[in-house]
Amino acid sequence: MEYLTGEDMAEVILENVSKIFPGNVEAVKDVSIEILDKEFVVLVGSSGCGKSTTLRMVAGLEEVTSGEIQIDGKVVNDVPPKDRDIAMVFQNYALYPHMSVRQNMAFGLKLRRYDKKEIEQRVQEAAKILELEELLDRKPKALSGGQRQRVAVGRAIVRKPKVFLFDEPLSNLDAKLRNQMRAELALLHRKLESTIIYVTHDQVEAMTLGSKIVVMNKGRIQQVDSPLSIYEKPKNQFVAGFIGSPKMNFVKGEIENGLFKGNQVTCPLTDDQKNQITSTSCMLGIRPEHLRVEDQGIDNGSIKGEVRFVESYGYETFIHINVNDTLLIARSESGNQVKINSSISVGFKPSKAHFFDQNTEQTLTS
Amino acid sequence: MSGKFGKLILYLVLIAAACTFLYPFVWMLAGTLKPEAEIMTFSPLGSRYSLDSYKLMISKIPIFRSLFNSLLVSIISTVCVLFLCSMTGFALARLKFKGRSAIFAVILFTMVLPFQLTLIPLYVLMVKLGWVDTYAALIVPYTMSPFAILLFRQFFMAIPEELIDAARIDGLSDMGILFRLFWPLSKPALITVGIVHFMGIWNEALWPLIVVRKEEIMTMPQMVTLFAVSGQAEAQIGLQLAAAAVMILPIIIVYLFLQRYFIESMATSGLKG
């Protein structure tokens with residue numbers, strides 16, 4: 001590990017960064033993020049939300065239209081990628097096909113005219129960490145997807161950069177390998193103690209890897225927070241719907257005398273909610289895991305509907321409930337015996353409910 | 001049964017087609033070795049074989065000097081095409097600049113112009129530059145090829161963008177990306193362009209006939225053409241055929257060594273284009 005851990009501080013700051021592509025396509029709008037040293041920040045959002053463009057701007061692969069990017073206290077807007085002291089891991093690995101694993105990993109160091117001995121030491125060290133020692137003389141085409149991704153990570157870590165950039169690195173792997181690599185990346189971050197910016201559309205990766213999550217939509221930041229805060233206190237309806245699987249249920253309705261009513265759903269508001277919510281029309285959001293058959297009661301929220309279908313995963317069951325042609329999902333423990341087309345009533349604790357403005361989609365509670 | 005019969009017919013047709021290509025070639029080679037009186041027969045076989053035609057040819061024309069000239073012109077021109085056209089192809093495929101599409105369209109357009117059309121303006125240019133009767137006149141007009149540019153561009157466009165991004169982060173410049181990343185990945189394209197261009201220059205007779213009159217810098221096709229039509233061969237067919245055989249020999253040797261890449265490139269460039 002002595003060769004691959006760095007002492008350098010690596011803070012990354014994006015200030016009002018925007019990117020407009022030719023044809024006036026605004027991919028990133030006024031993005032400001034502060035990434036602290038040794039932090040693992042995940043940019044998450046659906047396809048085309050601007051997360052990869054943001055990462056590419058940090059890497060120097062895309063020019064910044066306006067705003068400022070700082071790495072380690074220096075403005076790098078006009079600094080070429082090779083001089084930014086960053087390393088990047090790509091979705092399709094981007095290994096040089098004509099080079100062996102060893103040459104792939106050593107290439108960046110060779111171009112920087114490192115001593116041969118040091119290059120070899122760093123390559124060996126990285127190969128040991130990533131269990132690639134046996135594969136050093138193979139060409140990328142002779143490796144499996146998981147091995148190729150390891151080599152791509154190895155190529156990044158031998159450089160000992162200030163910042164690691166990961167652009168959807170696990171998207172090309174199958175589900176099992178993805179889970180395994182995810183755990184390995186988390187472990188690697190702990191070992192290397194480096195700053196990582198990680199882009200993904202997979203909210204599970206975001207929740208499990210990130211110490212800070214940046215949720216993006218349509219080129220704008222929706223929320224920056226810790227994974228748990230994002231899950232528990234989403235700032236708007238987009239974040240609430242994007243984080244969590246299955247996604248949060250939304251029901252339009254009105255609040256009268258401290259009681260939410262809408263589409264067969266009722267919910268008495270807690271005192272906190274009563275104090276904070278001033279408007280009468282709003283959107284109620286409730287996560288499937290908080291909708292439970294067991295939580296029915298006079299003080300709780302309730303939903304009445306018809307069971308449309310049931311998805312059983314063994315360890316948990318999702319019940320899809322049709323409420324006046326709107327599908328809501330409830331999560332239940334395994335073995336819950338419900339019949340399709342039968343009436344069902346589920347309850348939820350009012351404190352678990354989220355309320356959003358119908359027009360601005362911003363949260364009405366904090 | 002019908003399957004086997006169909007196959008038989010197919011093979012017969014293919015053999016007949018192959019013969020139409022190969023027969024003139026075999027006939028020519030046999031003609032260089034047969035006695036003069038037996039050359040103009042249909043059969044490539046002769047009553048006896050000798051190298052007399054070759055010996056006579058060597059004594060009559062400076063064939064080795066022209067062989068050297070041809071090699072010099074073809075090699076320099078091919079190397080220039082590989083460097084310059086791959087650079088142009090790279091720019092057209094991977095660099096973003098204004099007018100890129102227009103430049104590519106103009107390059108493509110030059111492919112449809114027959115050489116005869118540009119012959120006179122090019123000759124005038126050579127006269128103005130004072131290059132007539134110099135190697136420059138034989139080499140410089142052939143240092144660029146629209147076909148090569150097109151082939152390189154298509155090949156380079158098929159290389160994933162992320163590979164270039166990775167190379168930029170690793171520290172390669174545009175030239176570094178071209179020569180240290182794209183070249184090793186484009187061996188079939190390089191070899192195809194190399195062979196096609198080398199063959200084209202090697203076989204070119206018209207342009208050298210126009211710009212070169214000095215015997216010392218004449219290329220082989222020029223020499224062979226002059227030899228055949230100017231009476232030096234004294235109407236001896238065997239002599240003319242021997243000169244032609246010597247001329248094609250280097251091309252065959254190059255092709256035999258590199259044919260695997262050549263076929264591979266022709267196949268893949270078609271798919272990727």
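The values are calculated or read from the model by the stated rules, or taken from the named source; none is laboratory data. Just so we're clear, the structure is a prediction, and the values are computed from it rather than from any experiment. Don't worry about glycine lacking a Cβ; one is built from the backbone with ideal geometry, like all the others, and counts go over all protein chains shown.
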Qualifying positions in the range A:45-56 - over 13 Å from the mean Cα position of the chain (by Cα) and under 12 Å from A:Asp167 (Cβ atoms): A:Thr53, A:Thr54, A:Leu55, A:Arg56
Tell me whether the range B:182-191 contains one or more residues that are within 14 Å of chain A (Cβ to nearest Cβ), closer than 27 Å to B:Phe115 by Cβ and in contact with an Asp or Glu (Cβ under 9 Å, 6 or more places away or on another chain). yes
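Take A:Val64 and tell me if it is of a type outside the set (Asp, Glu), more than 14 Å from every other protein chain (Cβ to nearest Cβ) and at negative phi. Working first, answer last.
Numbers: of a type outside the set (Asp, Glu): yes; more than 14 Å from every other protein chain (Cβ to nearest Cβ): yes; at negative phi: yes.
Considered against the rule, which asks whether it is of a type outside the set (Asp, Glu), more than 14 Å from every other protein chain (Cβ to nearest Cβ) and at negative phi, A:Val64 comes out as yes.
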Within the range B:35-55, can you find the residues that are surrounded by fewer than 16 Cβ atoms within 10 Å (Cβ to Cβ) and aromatic (Phe, Trp, Tyr)? B:Phe42, B:Tyr49
Being more than 13 Å from A:Lys247 (Cβ to Cβ), free of Cβ contacts under 8 Å to residues at least 40 places away in the same chain and in a strand (DSSP E or B) is the filter here; which residues of the range A:283-328 pass it? A:Glu306, A:Val307, A:Arg308, A:Phe309, A:Val310, A:Glu311, A:Ser312, A:Glu316, A:Thr317, A:Ile319, A:Ile321, A:Asn322
Could you tell me which numbered condition A:Glu118 fails, if it satisfies all but one of (1) more than 14 Å from every other protein chain (Cβ to nearest Cβ); (2) outside any loop (DSSP other than H, G, I, E, B); (3) surrounded by 16 or more Cβ atoms within 10 Å (Cβ to Cβ)? (3)
Output for the range A:90-111, where each listed residue is within 9 Å of another protein chain (Cβ to nearest Cβ), over 10 Å from B:Asp170 (Cα atoms) and of a type in the set (A, V, I, L, M): A:Ala94, A:Leu95, A:Met99
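Just to be sure before I move on: is B:Asp133 among the acidic types (Asp, Glu) and more than 14 Å from chain A (Cβ to nearest Cβ) in the structure I sent? Before you say what the answer is, go through the steps one by one.
Numbers: among the acidic types (Asp, Glu): yes; more than 14 Å from chain A (Cβ to nearest Cβ): yes.
Here the answer is yes, as B:Asp133 does meet what is asked.
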List the number of the failed condition for A:Gly305; all other conditions in (1) within 32 Å of the chain's Cα centre (by Cα); (2) within 19 Å of A:Ser332 (Cβ to Cβ); (3) not basic (Lys, Arg) hold. (1)
If A:Ser32 passes every condition in (1) within 14 Å of another protein chain (Cβ to nearest Cβ); (2) surrounded by fewer than 14 Cβ atoms within 10 Å (Cβ to Cβ); (3) small (Gly, Ala, Ser) but one, which one does it miss? (1)
I'd like to check something: does the range B:100-113 contain any residue that is within 14 Å of chain A (Cβ to nearest Cβ), free of Cβ contacts under 8 Å to residues at least 24 places away in the same chain, of a type in the set (Ser, Thr, Tyr) and within 30 Å of A:Phe107 (Cα to Cα)? no
Subset of the range A:71-89, residues more than 10 Å from chain B (Cβ to nearest Cβ) and surrounded by fewer than 16 Cβ atoms within 10 Å (Cβ to Cβ), comes to A:Gly73, A:Lys74, A:Val75, A:Asn77, A:Asp78, A:Val79
Can you tell me which residues in the range B:207-221 are at pLDDT below 90 and within 18 Å of the chain's Cα centre (by Cα)? B:Met220, B:Pro221
Identify, by number, the condition in (1) within 11 Å of chain B (Cβ to nearest Cβ); (2) assigned to a helix (DSSP H, G or I); (3) modelled with pLDDT under 95 that A:Glu125 doesn't meet. (1)
With respect to the numbered conditions (1) over 30 Å from B:Phe227 (Cβ atoms); (2) not assigned by TED's automatic domain parsing to the domain that holds B:Arg168, which one is the sole condition not fulfilled by B:Met87? (2)
Residue check for A:Phe355: farther than 24 Å from A:Gly258 by Cβ, touching a residue at least 60 places away in the same chain (Cβ under 8 Å) and in a strand (DSSP E or B): no
Looking at this structure, is B:Leu10 modelled with pLDDT of 90 or more, closer than 24 Å to B:Val193 by Cβ and of a type in the set (A, V, I, L, M)? no
Quick one: in the range A:280-299, of everything that is out of contact with any Phe, Trp or Tyr (no Cβ under 9 Å at 6 or more places or on another chain) and closer than 20 Å to A:Asp357 by Cβ, which residue is modelled with the highest pLDDT? A:Ser281
How many residues does the range B:56-103 hold that are at pLDDT below 90, exposed (fewer than 14 other Cβ atoms within 10 Å of the Cβ) and assigned to a helix (DSSP H, G or I)? 2
Looking only at the range A:195-218, decide whether some residue is at pLDDT 90 or above, surrounded by fewer than 17 Cβ atoms within 10 Å (Cβ to Cβ), within 25 Å of A:Leu61 (Cβ to Cβ) and touching a Gly at 6+ places or on another chain (Cβ under 8 Å). yes
Test A:Glu134 against the criterion of being in contact (Cβ under 8 Å) with a residue 40 or more places away in the chain and of a type in the set (Asp, Glu), and give yes or no. no
